[in-house]
Amino acid sequence: MSNKLLGVFENLAVDLADLSGQQLFRQVNLVGLESLLHDCPSLKLREGAALIEPGQPNHMVYLVLVGSLHVYEGEPKGEPLAVIQKGECVGLVSLIDQRPGHVHIVAKQACRLLVIDEERFLALVNSSNAIERNVLSMVMQHWRGKNAGAPERGRLQQRIEKNSNIDSVTGLYNQRWLDGVLERQIMRAATDQKPLSLLAIAVDGLAEFKKEFGDELADHALAVVGQVVAAKVRPTDMVARHDSGHFIVVLPETDIPGAEVVATRVREAVAQTAIEIPGACRLPPLNVATGQVQMKAFVAARKLVDDAIGTLNRVQPAALSLAAG
């Protein structure tokens, strides 16, 4: 980028209150991240100044603190392709993808941006599961809005999932996270002599849904189901997506009758939730099958998960293959 387009960097300490609730830091405890954020520089851009140009490598994530930016696919004039508002991020996908930008991003008016370099960005992601979820959500929105092809989605997905605790399809925790958390929950339940149950959930007819509507809409449907499941459990319960494709809910201090109550609540809620495709269409609700198991003795985490899935399969033999798609 030429010097005439570059803004002015400032080394002013960032006020954490300015970041709270913004796109990257939604539901994030910023106090614990103060050491990573306190010396982030900010960039001031005058009206019309370019932040990113086509062909320009990008190694930063920018968070808009003041003002807004216009995105242009061609020359930066006329009607913009998109507007990036205060609180939104710039440069996230190109940093993850490690490809030069292909659009012009220009200050609509005087702007101030928080500048997060690649090393600091990765440190933030590795320090906070909530930031991982937010990053994944933003990338998924980009894919859907851009209708990105399978190779691009796969490349981005691989970079995000490496050393991640987040499932890239649903934004829920993944099996890696589940294995560690469940081992601790088993130890706690055995020590405190309190019940611990697991709920396994499979989406009925997912293979047929994929065949009719395609992989992208099937992934969106799974994300919707995951959101419904997460909304219908207690704050102390934990929801993850297992590598088999099943949803697993960890239910501390819950016996089988209690787990059955949760299972019924989840099945009813999913069956009443239409699959909304923003700006496109509304698909009918899906249904889920559930199975539950209670820990009877000290057991390995993966064995307990296998037992829960086994119970699910006895309830509905086809559930395993349907969940995996």
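The values are calculated or read from the model by the stated rules, or taken from the named source; none is laboratory data. Source: prediction; values computed, not measured. Note that each Cβ is placed from the backbone with ideal geometry, even for glycine, and that neighbours are counted across all protein chains shown. Each accessible area value is taken on the protein alone, full model and side chains, heavy atoms only, with ligands, DNA and RNA left out. Shrake-Rupley method; radii C 1.70, N 1.55, O 1.52, S 1.80 Å.
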Using 25 Å as the Cα-Cα cut-off, could you pick out the over-long pairs in LYS86/LYS232; LYS44/LYS86; LYS86/LYS210?
LYS86/LYS232; LYS86/LYS210
³J(HN,Hα) across region 46-59 via Karplus (A = 6.51, B = -1.76, C = 1.60, θ = phi - 60°), whole Hz, x for Gly/Pro?
7, 4, x, 6, 8, 8, 9, 10, x, x, 8, x, 10, 10
Say R0 is 22 Å: what FRET efficiency, to the nearest 0.05, do SER244 and GLN141 get from their beta-carbon distance?
0.25
Can you tell me the length gained on complete extension of the stretch SER35 to ASN129, counting 0.36 nm per residue apart and subtracting the Cα distance?
32.1 nm
Which FRET efficiency, nearest 0.05, do GLU47 and GLU73 yield, Cβ-Cβ r, R0 30 Å?
0.90
At what distance in nm do the modelled label points of HIS102 and GLU118 sit from each other, each positioned 7 Å from its Cα along Cα→Cβ?
2.0
How much of HIS102 can a 1.4 Å solvent probe reach, expressed as accessible area in Å² and rounded to 10?
110
Between ARG26 and THR191, what is the label-point separation in nm under the 7 Å Cα-to-beta-carbon projection?
3.5
Return the FRET efficiency for the residue pair ALA231, GLU208: r is the Cβ-Cβ distance, R0 is 22 Å, and the value is rounded to the nearest 0.05.
0.30
